[in-house]
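All remarks here apply to the structure that follows.
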2 protein chains.
Amino acid sequence: MIRPDMATMLAFIATDAAVSPADLQNCLSRAVDASFNRITVDGDTSTNDACVLVATGAAAPDPLVPGDAQYEALCAAVTEVCVELAQAIVRDGEGATRFVTVAVEQGASSAECLQVAYTIAHSPLVKTAVFAGDPNWGRILAAVGRAGICELDLEAVRIYLDEVCIVRDGGRDPDYTEADGQRVMGRDELTIRVLLGRGTCAEQVWTCDLSYDYVKINAEYRT
Amino acid sequence: MIRPDMATMLAFIATDAAVSPADLQNCLSRAVDASFNRITVDGDTSTNDACVLVATGAAAPDPLVPGDAQYEALCAAVTEVCVELAQAIVRDGEGATRFVTVAVEQGASSAECLQVAYTIAHSPLVKTAVFAGDPNWGRILAAVGRAGICELDLEAVRIYLDEVCIVRDGGRDPDYTEADGQRVMGRDELTIRVLLGRGTCAEQVWTCDLSYDYVKINAEYRT
């Protein structure tokens with residue numbers, strides 16, 4: 001039951017910076033959007049979560065304010081902590097054996113990038129292929145195709161497994177070899193990267209594979 | 001890879017009725033919408049399907065026309081055939097051990113009924129619970145809650161497993177017993193019925209559970 005909005009989790013983060021409540025909330029919202037709200041194990045959202053950010057002000061009396069380099073540094077640091085915690089949730093996902101970054105680039109909007117990324121991240125076929133270490137480009141391309149992007153030009157789409165291009169010009173990259181794909185799929189962590197060829201927006205989400213143990217943990221939790 | 005729009009399938013249906021091409025297409029569209037386009041195994045749409053309906057006209061020279069009782073009877077018969085074929089696809093779904101009807105009633109629109117039905121039917125947590133024979137009402141209610149229905153009043157929602165009410169007034173039905181739930185979940189075929197308490201629209205979809213064999217079939221298909 002992990003697809004935050006947020007996850008089944010309680011996160012507590014503290015800083016000794018001085019920041020006003022509103023500026024601190026802005027900092028936290030930015031961090032959470034780029035971390036806890038970008039992970040999914042199975043698409044099933046949980047029923048109770050919280051992420052709390054506390055600023056004591058012990059470090060200095062003057063509050064940091066948006067626009068200041070120090071405020072931006074604080075935001076970057078809080079985001080870094082949130083990303084690390086969020087990724088840890090995925091790594092600890094039910095039955096997870098591989099950690100997958102789904103990066104969607106060259107979208108016309110952030111929304112469509114997320115739509116494609118979550119369709120891939122939730123596809124049981126993609127997730128079982130990742131579990132099997134199977135570089136099944138057709139399943140990834142099919143997920144892109146069914147993501148509901150209006151007037152997507154499949155000819156312009158390129159898909160990479162880490163550094164290996166597997167799809168371009170509407171089909172399997174002619175230079176792609178199965179050995180290259182399997183080399184990437186043998187890794188514990190890998191990136192499925194999709195270039196939509198429609199714009200300059202980009203988003204990424206983190207997910208894991210779908211294994212026998214996912215079924216076991218969620219089917220036999222009472223036994 | 002089964003969630004039609006349509007499924008990975010070729011369906012051929014023939015009748016000796018006389019019907020014009022346009023009226024036959026209308027008949028087929030109605031039938032397909034109520035059958036092949038209401039099933040899902042895993043949410044992953046397939047890449048090639050077809051459902052072809054042929055009318056030879058051998059039975060009688062005069063074409064049936066919409067509004068006629070005979071045309072409606074033909075539509076009902078074609079729909080019945082399509083439903084039987086569509087349900088057979090689900091029963092034959094990868095690793096399927098249980099056949100599940102998800103019926104959503106009292107919706108404000110057909111679209112929101114389908115939204116709720118597919119969210120339940122695609123929920124890995126609901127599907128693994130069905131595999132386990134586990135009457136986990138919380139997972140079903142959580143799926144209803146995250147289906148994205150605007151201003152849903154959870155207090156008005158009721159959920160049944162076949163004849164057994166499991167959720168009402170926003171939580172577990174006080175009269176519900178685990179024994180009742182397990183009796184239903186022990187069946188090979190069952191209905192998850194959700195009453196939204198918002199209107200008079202209704203839709204149903206058919207799906208199956210998520211088992212070890214789903215993972216096996218989709219992860220080890222090359223070995």
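The values are calculated or read from the model by the stated rules, or taken from the named source; none is laboratory data. For clarity, every value in this text was computed on a predicted model and none was experimentally measured. No Cβ is skipped: glycine too gets one built from the backbone with ideal geometry, and neighbour counts run over all protein chains shown. Calculation scope for accessible area: heavy atoms of the full protein, side chains included, ligands and nucleic acids excluded. Shrake-Rupley method; radii C 1.70, N 1.55, O 1.52, S 1.80 Å.
Taking every residue in A:122-132 and counting other chain Cβ atoms within 10 Å of its Cβ, the average works out to 6. Accessible area per residue (1.4 Å probe, heavy atoms of protein chains only) ranks A:Cys113, A:Cys165, A:Cys150 as A:Cys150, A:Cys165, A:Cys113, with the largest value leading. Shown here for region A:47-136: chymotrypsin sites (Phe, Trp or Tyr not before Pro) in loop regions (DSSP other than H, G, I, E, B) with at most 10 other Cβ atoms within 10 Å, of which there are none. Ranking of B:Trp137, B:Trp206 by solvent-accessible surface, largest first: B:Trp137, B:Trp206 (1.4 Å probe, protein heavy atoms only, all chains present). Other residues within the sphere of radius under 15 Å centred on the Cβ of B:Glu72, judged by their own Cβ, net out at -2 (K and R +1, D and E -1). With a cut-off of 10 Å between beta carbons, the residues surrounding A:Ala156 carry a summed charge of 0, where Lys and Arg count +1 and Asp and Glu -1. Placing dummy labels 7 Å off each Cα toward the beta-carbon, the span from A:Ala76 to B:Asp175 is 6.3 nm. Here chain A is scanned for trypsin sites (Lys or Arg not before Pro) in DSSP loops (not H, G, I, E, B) that have at most 15 other Cβ atoms within 10 Å, and the longest stretch holding none of them is A:1-186. Of all beta bridges that DSSP places with both ends in the protein assembly as shown, some 50 percent have antiparallel geometry. Counting only GluC sites (Glu not before Pro) that DSSP places in a loop and that have at most 15 other Cβ atoms within 10 Å, the longest clean stretch of chain B runs over B:1-150.
Classify the protein assembly as shown from the C-alpha gyration tensor, please: rounded if a/c falls under 1.5, else prolate or oblate depending on whether a/b exceeds b/c.
Prolate.
Between copies, the label points of B:Glu80, set 7 Å from Cα on the Cα→Cβ line, lie 7.0 nm apart, reported in increasing order to one decimal in nanometres. Dipole of region B:151-223 computed with +1 at Lys/Arg Cβ and -1 at Asp/Glu Cβ about the Cα centre; of B:Val194, B:Cys165, B:Leu210, farthest Cα towards the positive end is B:Leu210.
When chain A is treated as a Gaussian network with alpha carbon springs shorter than 10 Å, the biggest mean-square fluctuation among A:Val19, A:Val167, A:Val41 belongs to A:Val19. For peptide B:136-142, the mean count of partner chain Cβ atoms within 10 Å of a residue's Cβ comes to 2. Relative to the longest principal axis of the Cα atoms of chain B, the long axis of helix B:110-122 makes an angle of roughly 60 degrees. Near A:Ser109, once Lys and Arg are set to +1 and Asp and Glu to -1 for all other residues with Cβ below 14 Å from its Cβ, the sum equals -3. Seen against the Cα atoms of chain B and their longest principal axis, helix B:21-33 is set at about 10 degrees.
Ranking of B:Tyr160, A:Tyr221 by solvent-accessible surface, largest first: A:Tyr221, B:Tyr160 (1.4 Å probe, protein heavy atoms only, all chains present). Centre-to-centre, using Cα atoms only, region A:148-207 and region B:38-52 are separated by 24 Å. Label point of A:Leu10 (7 Å along Cα→beta-carbon): distances to the other copies' equivalent points are 5.9 nm, sorted ascending. Taking a ≥ b ≥ c as the square roots of the Cα gyration tensor eigenvalues, with a/c under 1.5 meaning rounded and otherwise prolate when a/b beats b/c, else oblate, which class fits region B:139-211? Oblate shape, in that a/c is at least 1.5 and b/c is the bigger or equal ratio.
Expressed to the nearest 5 percent, the antiparallel share of DSSP beta bridges inside chain B is 50 percent. Shown for A:Asp68: label points 7 Å from Cα along the beta-carbon vector, and their distances to the equivalent points in the other copies, 8.3 nm in ascending order. For B:Asp162 and A:Asp68, the FRET efficiency from 1/(1 + (r/R0)^6), where r spans their Cβ atoms and R0 equals 60 Å, is about 0.45. Note that the protein assembly as shown presents 43 Å² accessible area per residue, ligands and nucleic acids not counted, probe 1.4 Å.
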